[in-house]
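Report on one structure; see the data block that follows.
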Amino acid sequence: MKDPEFQSYSLAMFCGGERIFMSREAGLKPLVEWLAIYEGKYRGCLLHDRVIGLAAARLIAYSGMIARVVTLLSSRPAQSFLEGEGIVLEATQLVDNILTPDRSAVCPGEIIALETPDRQKFLARIYGLVK
């Protein structure tokens, strides 16, 4: 598999060497969209995502589709969660938390994921955030 083309997309899923899904949108919205379309249809896939916070990591793991994630930036909580789920994470840079674009605060998705251990409550809050 070739290196991520993050200049062309922010998120892309590959399965069997073929690109199945791609988005240029930032944030959690492309992950939520991807889940709605493909959940349960694939297994053992590769995901390229520019940024992986804990919220993204939980969505990825809950999908059951991804075996490996390649990213430019990951939070340490996301790394720990994915490792615990048996998903390989390759991150160029690790940080304590994912911040808002202006770097003034921890991003809302990361806060929700850290504060909401219950899966169903977490999903409800995340879906509410991205709609």
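The values are calculated or read from the model by the stated rules, or taken from the named source; none is laboratory data. Quick caveat: nothing in here was measured; it's all calculated off a predicted structure. Backbone-built Cβ (ideal geometry, glycine too); neighbour counts: all protein chains shown. In case anyone asks, the SASA skips ligands and DNA or RNA and just uses the protein heavy atoms, side chains included. Shrake-Rupley method; radii C 1.70, N 1.55, O 1.52, S 1.80 Å.
Observations
- Residues ILE111, ILE66, ordered by accessible area of protein heavy atoms at a 1.4 angstrom probe radius and largest first, appear as ILE111, ILE66.
- The Cys residues in the chain with no partner Cys Cβ within less than 4.7 Å of their Cβ are CYS107.
- Taking GluC sites (Glu not before Pro) across segment 1-30, the ones in a DSSP loop with at most 14 further Cβ atoms lying within 10 angstrom of their Cβ are GLU5, GLU25.
- Evaluated at q = 0.12, 0.20, 0.21 Å⁻¹, a Debye calculation over the C-alpha positions of the chain (equal weights, vacuum) places log10 I(q)/I(0) at -0.40, -1.21, -1.36.
- Relative to the globular-protein estimate of 2.2 N^0.38 Å, the Cα radius of gyration of segment 1-47 stands at 1.10.
- Note on the chain: helix-only mean residue ellipticity at 222 nm, from DSSP H runs of 4+ residues weighted -39500 (n - 2.57) and normalised by residue number, equals -11000 deg cm²/dmol.
- Per-residue Karplus couplings for segment 55-71, computed as 6.51 cos²θ - 1.76 cosθ + 1.60 with θ equal to phi - 60°, are listed in order as 4, 4, 4, 5, 4, 4, 5, 5, 5, x, 9, 10, 9, 8, 10, 10, 9 Hz, Gly and Pro entered as x.
- Radius of gyration and Dmax over the Cα atoms of segment 35-97, both given in Å: 10.7, 33
- Label-zone membership for segment 13-50, site LEU114, 7 angstrom Cα→C-beta point, backbone N under 20 Å: 27-29
- Under 11 Å, Cβ to Cβ, from THR71 - net charge with Lys/Arg +1 and Asp/Glu -1: 0
- Counting DSSP beta bridges with both ends in the chain, the antiparallel % (nearest 5): 45
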